[in-house]
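See below for the structure under consideration.
The values are calculated or read from the model by the stated rules, or taken from the named source; none is laboratory data. None of the values given here were measured: they were computed from a predicted structure. Here Cβ is always computed from backbone atoms with ideal geometry, including for glycine, and neighbour counts include all displayed protein chains. We work out accessible area using only protein heavy atoms, side chains counted, and drop any ligands, DNA or RNA first. Shrake-Rupley method; radii C 1.70, N 1.55, O 1.52, S 1.80 Å.
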Amino acid sequence: MRARLCALAAAALSVGVAAAVTMLPGGPQAYPDPLCAPVSARAENGGTVEVVVRGGQAGAGGARFTVPYDCTYGELFALAGVEDAAGYDPAAPLSRADAVFAEGRYVLYIVI
């Protein structure tokens, strides 16, 4: 009987300690700003987007450019020196649907 009572007291103590620890300040804090934001047609960076092209003729390290929002895939690949980019329409404007917010700017990563 005494062993059960000691086990019950130890369990209650450990639950109480765990509850007290979760209420202490200094744990994970919520971010004040959202971690993601939609890419709009015009952002604060003057209508440009960073583009990183990797693979193909762009080389192992790839190439990084700052281009206007209305840049086409054909214009971008001409800058990067890429002659054959299968799967991309050269006349289509860059799609910013997959752009990420990094280094304070929207960056579009293209792997060919």
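Below, the figures for the structure above:
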| read-out | value |
| --- | --- |
| Counted residues, region 57-109 - those being among the hydroxyl-bearing types (S, T, Y) and more than 16 Å from G47 (Cα to Cα) | 3 |
| Residues that are open to solvent by 80 Å² or more (accessible area, probe 1.4 Å) and part of a loop (DSSP other than H, G, I, E, B), drawn from region 92-110 | A97, D98, E103 |
| Odd one out for V67 among (1) touching a Phe, Trp or Tyr at 6+ places or on another chain (Cβ under 7 Å); (2) among the hydrophobic types (A, V, I, L, M, F, W, C); (3) under 17 Å from T48 (Cβ atoms) | (1) |
| Of all residues making up region 51-67, the number that are crowded, with 16+ Cβ neighbours inside 10 Å and modelled with pLDDT under 80 | 3 |
| Matching residues in region 68-82 - criterion: being touching a helix residue (DSSP H, G or I) at 6+ places or on another chain (Cβ under 6 Å) and either open to solvent by 80 Å² or more (accessible area, probe 1.4 Å) or assigned to a loop (DSSP other than H, G, I, E, B) (or both) | G81, V82 |
